[in-house]
Amino acid sequence: MEIKEIKERFIEKILLLIAFSSITILALITFFIFGEGLPLIWKIGPKAFLLGERWVPSQGEFGILPMIVGSFWVTFGSLLLGIPLGLACAIFLCEWTPPWAGMILRSAIQVLAGIPSVVYGFWGLVVLVPLIRNFLGGPGLSILSGSLILSIMILPTIISISEDSLKALPPNYKAGAFALGATHWQTIWRVLIPAARSGIVASIILGMGRALGETMAMIMILGNAVKMPSSILDSARTLTTNIGIEMGYASGDHRQALFAAGVILFLIIMLLNSLAIVLSRRRAG
């Protein structure tokens, strides 16, 4: 066996070990979270934990329904703005942007993805919250402000994956549509977007997972009220912000309840990521 072949096999084994180490780390995290959180869920009952509306750890009440509802309100609100804006940006980058402008815009999108979430939260606290308070009423620290900030934060994910999906389409799709007399916009709307639908949906699901998992910015601008929200101007608390706020001083059942909330969040995000992978494979097939 030649030395070159030995080196290649050695490198192959090292890369395989690194790949399995990622799986091992994920398995350890999963085991730890479930090991800490499941006992509390079984202790108070899954129904009481998931559907309870009171979170009063000092009295042994651990209902996370308001936080689940708050998480989905904020996430849904961010998608209402993030999806059309992100898809429009992806289409513009693919179909109308000159090469020099596309390079600048893509660099800007990458910078947008690299800005720390605390900066988004600070900007929302200084700019958005006073605007909402003055013009729409309420405390300003609300679901609306959180949704607006999250819609900006998920844009890089939606734009980049949607753009890649549109660019991966065979050129004859567009040529065939033009040959049949379709306009440029008709080609985009009737041919390209439906053909790239799986990739676009995958980008939306990954953006949704990003929104669900955001913590720091939401702690700063959401108001963190543990109650069932009744409008977008109400303050709310998400699963992630609840864990981030209370983990520092929690102990006993309170600490286990926070891990149990992490179990629910973990399952939701794993479900979304699995759905995105299935859709991406369907597109590739």
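Coordinate-derived values only; no laboratory data. Computed from a prediction, not measured in an experiment: that's the story for all the values here. Here Cβ is always computed from backbone atoms with ideal geometry, including for glycine, and neighbour counts include all displayed protein chains.
Distance between the modelled labels on Val56 and Ile14, one decimal in nanometres: 6.0 nm (7 Å Cα→Cβ projection).
A crude spin-label estimate for the pair Arg197 and Ala113, with each label 7 Å from Cα along the Cβ direction, gives 2.6 nm. Counting only Cα atoms, region 108-227 measures 56, 29, 28 Å along its principal axes, largest extent leading. Going by the alpha-carbon gyration tensor, a ≥ b ≥ c the square roots of its eigenvalues, is the chain rounded (a/c under 1.5) or, if a/c is not under 1.5, prolate (a/b greater than b/c) versus oblate? Since a/c reaches 1.5 but b/c is at least a/b, the shape of the chain is classed as oblate. For Trp42 and Leu65, the FRET efficiency from 1/(1 + (r/R0)^6), where r spans their Cβ atoms and R0 equals 30 Å, is about 0.95. Over the chain, Cα pairs under 8 Å with separation of 6+ residues give a relative contact order of 27 percent. Note on Lys7/Leu28: beta-carbon distance plugged into 1/(1 + (r/R0)^6) with R0 of 30 Å gives a FRET efficiency of 0.45. Note on region 104-172: Rg/Rh from Cα positions, Kirkwood definition for Rh, rounded to two decimals, is 1.16. When region 66-284 is described by a simple charge dipole with +1 on each Lys and Arg Cβ and -1 on each Asp and Glu Cβ, the residue from Ser71, Ile205, Leu169 located farthest towards its positive end is Leu169. Rounded to the nearest 0.05, what FRET efficiency is calculated for Ile245 and Phe135 with R0 set to 41 Å and r the Cβ-Cβ distance? Result of the calculation: an efficiency of 0.90.
Here is how the number arises for the chain: DSSP H runs of 4 or more residues each give -39500 (n - 2.57), the sum is divided by the residue count, and the result at 222 nm is -24000 deg cm²/dmol. Ordering of 154-164, 42-52, 230-240 by packing is 154-164, 230-240, 42-52, highest average first (other Cβ atoms within 10 Å, averaged per residue).
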